[in-house]
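Undergrad: First, the structure itself, so that you have it in front of you.
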Amino acid sequence: MATRSNLVLGIESSCDDTAAAVVAGGREVLSSVVDSQAALHAGWGGVVPEIASRSHLESIPNVVARALEEAGVGLDDLAGIAVTQRPGLIGSLLVGLSYAKALAFARDLPLVGVHHIEAHVYAATMEWPTQAPDPTIALVVSGGHTALYEMRGPRSMTPIASTLDDAAGEAFDKVAFLLGLAYPGGPSVSKLALEGDPKAIRFPRYRAKDGRPGFSFSGLKTAVLYHLRGGDALAPTPAPEAIPDRADVAASFQAAVVDNLLRPTLQAAQERSARSILVAGGVAANRALRAAMQAAGETHGLDVRFPSPAYCTDNAVMIAGLGWHSLAAGEHAGWSLDASPR
Ligand code: KG4
Ligand code: ZN
C-alpha cells in the first residue's frame, strides 16, 4: 500500500527515452511516463547523443510533473528520489541526474543513484508473485548492452560475460536501417521476419575462442551488409527497394541473433547449475527470442522468465523500484554523485 514513507520518484534519461515514475514500496506503480525520442533519431538509424541530451533537457520538467500528477502526489509526499546514474550516454545521463539532484536539494529529499542494467533485471522481477529459484542467469539485452549475470536474489548480480563489440539491439537497429525499416529496428525487423525464411541465409554464429560464454554482433552486422552487396565487400550497398530478399534477410538475421543469445545463456546456466533464466532489456520483447528461450527452458528444466513488454524497454518504474530498496537499506548519495558512461 502506498504510504507517505514508501513513495519513490524515479527518473531515467540514460539513452533516448525521458522517463519518470512514482512507485510505492518498490512494487506498486502509481504512475509511469515515458517520452520517447525515437522519431527524432529515426532518420539517423540510431541514437544521436547530442540530439538526445538536448531533447532530455526540453522534456524532463514536463515528464516529471506528469508522473507526479498522474500519481496524485507532490514532491513533499516522497520518501526519496532515484535516478539512473550509469551506464549510458554521458550527456543524457547528466540531464536526469542534475534534475534529480536539484529536486532533492530543493526539497531536502534523499537521493540514490541506480545502475540502469540492474534496474532492467529488477523490472523483470517486479511483476513476479514468487521469486525465481536461485541461482538465476540474467541475460540483459538492449540497444546498449548485451551481458550475462549470475543472480542470487534481486540485488545480487555477478557479471559473467558482456559483448565484445556491439549490443544485440544495436545490430537490430543497423540492419533495419540497411533494409529501409523504421527505427527502432527490433520491432520492424521482427515484423518483416514473419514473412521470411529464417533458414534462407546462413549468417555466422559467434563462438568465443576460449570456449567461454560470450557475445559479439559486429561480424553478423558485416555479414548482412556483404550479403546485401551480393557477396562483394566493395560493391555499393543497394537501396532498400532494390533488395529482393528483404524478408529472408530479416528472418535469417533474427535467427542468428537468437542463436547468439541462446547458446551462451544456456552454457552459463549449465556451468553455474542455474535453476532459472531471466531475460531483460529492450530485445527481451522479441517474440522469436522469447519462444526459443522458453523452449530451451522446457528442454533443460529451467524456469524462464521475461518482463511484460512495457517493462522490457527503458522506463523509470524500474529505477524507482530498485531505488526503493537502496533507500530502504539506508543508502543515500551525496551531492558529489556523478554520472558514468560505464
Ligand atoms: O532497453 P532499451 O529500451 O534501451 C536501451 O537501454 O538500449 O532497448 C532498446 C533496444 C533497441 O535497440 C530496439 O531495437 C530493441 O531494444 N528492441 C527489440 C524489440 N523491441 C525493442 N529488438 C528486437 N525485437 C523487439 N521486438
Ligand atoms: Zn535500457
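No lab work stands behind these numbers, since they all come straight from the coordinates. The model shown is predicted, which means the values in this text are computed figures rather than measured ones. As a convention, Cβ positions derive from the backbone with ideal geometry for all residues, glycine included, and neighbour counts pool all protein chains shown.
Undergrad: Taking the Cα centre of the stretch 131-306 as the origin, how large is its charge dipole in debye, to the nearest 20, when only Lys and Arg (+1) and Asp and Glu (-1) carry charge on their Cβ atoms? Walk me through the numbers before you get to the answer.
TA: Working: 19 positive and 17 negative charges, 70 e Å.
Computed about the Cα centre, the dipole is about 340 debye.
Undergrad: For the stretch 137-149, just list the computed ³J(HN,Hα) in residue order, Karplus coefficients 6.51, -1.76 and 1.60, θ = phi - 60°, integers in Hz, with x standing in for Gly and Pro.
TA: 9, 9, 9, 9, 9, 9, x, x, 9, 9, 8, 10, 10
Undergrad: Would you look at the GNM of the chain, springs on alpha carbons closer than 10 Å, and say which of A316, A193, A239 moves the most?
TA: Comparing A316, A193, A239 in a Gaussian network model of the chain, the most mobile one is A239.
Undergrad: Which number gives the lysine pairs in the stretch 131-306 that have C-alpha atoms under 19 Å apart and are eight or more places apart or on different chains?
TA: Total qualifying Lys-Lys pairs in the stretch 131-306 comes to 5.
Undergrad: Mind ordering 261-273, 6-18 by average Cβ neighbours within 10 Å, highest first?
TA: The packing order, highest mean first, is 6-18, 261-273.
Undergrad: Now a separate question. Once you have the Cα-Cα distance between R155 and A288, take 0.36 nm times their residue separation minus that, and quote the gain in nm to one decimal.
TA: 45.0 nm
Undergrad: Between rounded, prolate and oblate, where does the stretch 44-131 land on the alpha carbon gyration tensor, with a ≥ b ≥ c its root eigenvalues, rounded for a/c under 1.5, else prolate if a/b exceeds b/c? Please report the intermediate quantities before stating the final value.
TA: Working: a/c = 1.68, a/b = 1.10, b/c = 1.53.
Oblate.
Undergrad: Provide the per-residue ³J(HN,Hα) series for the stretch 96-106, in order, calculated from phi with Karplus coefficients 6.51, -1.76, 1.60 and θ = phi - 60°, each as a whole number of Hz, with x at glycine and proline positions.
TA: x, 5, 5, 5, 4, 4, 5, 4, 5, 5, 5
Undergrad: Would you please give the residues with an amide H less than 5 Å from that of S276, counting only those at least 5 places away or on a separate chain, with H modeled from the backbone geometry?
TA: It is I137, D303, by chain and number.
Undergrad: If you plug each phi of the stretch 328-336 into the Karplus form 6.51 cos²θ - 1.76 cosθ + 1.60 with θ = phi - 60°, what whole-Hz ³J(HN,Hα) values come out, in order, with x for Gly and Pro?
TA: 3J(HN,Hα) across the stretch 328-336, in whole Hz: 5, 7, x, 7, 9, 8, x, 5, 7.
Undergrad: Rounded to the nearest 5, what % of DSSP beta bridges with both residues in the stretch 131-306 are antiparallel?
TA: If I count the DSSP bridges inside the stretch 131-306, around 55 percent turn out antiparallel.
Undergrad: Among Y149, L97, A285, whose Cα lies farthest out toward the positive end of the dipole of the chain, if unit charges sit on the beta carbon of Lys, Arg (+1) and Asp, Glu (-1)?
TA: Working it through, the farthest residue towards the positive pole turns out to be Y149.
Undergrad: What residue among A100, A295, A242 shows peak mean-square fluctuation when the chain is described by a Gaussian network model with Cα springs under 10 Å?
TA: Of the options given, A242 has the highest mean-square fluctuation.
Undergrad: Take every DSSP beta bridge with both residues inside the chain and express the antiparallel ones as a percent of the total, to the nearest 5.
TA: Of the beta bridges lying entirely in the chain, close to 60 percent run antiparallel.
Undergrad: If you don't mind, another one. Normalised by the number of residues in the chain, what is the relative contact order in percent for Cα pairs under 8 Å and 6+ residues apart?
TA: Rounded, it is 25 percent for the chain.
Undergrad: Return E195, E118 ranked ascending by Cβ neighbour count within 10 Å, so the fewest neighbours appear first. Numbers along the way, then the final one.
TA: Values: E195 11, E118 22.
Least crowded to most crowded, the residues run E195, E118.
Undergrad: Between A333 and residues 5 or more places away or on another chain, which pairs have amide H atoms under 5 Å apart, with H built 1.01 Å from N, and which residues are they?
TA: Those lying under 5 Å, H to H, from A333 are L111, V112, G113.
Undergrad: Same structure, new question: When a/c is below 1.5 the answer is rounded, else prolate if a/b is larger than b/c, else oblate, so apply that to the stretch 158-264 with a ≥ b ≥ c taken from the square roots of the Cα gyration tensor eigenvalues.
TA: Because a/c hits 1.5 or more and a/b exceeds b/c, the stretch 158-264 counts as prolate.
Undergrad: Here's another thing I want to ask about it. Long-range amide H contacts for D166: which residues qualify at under 5 Å (H placed 1.01 Å from N, peptide plane, sequence gap of 5 or more or a different chain)?
TA: F217, S218
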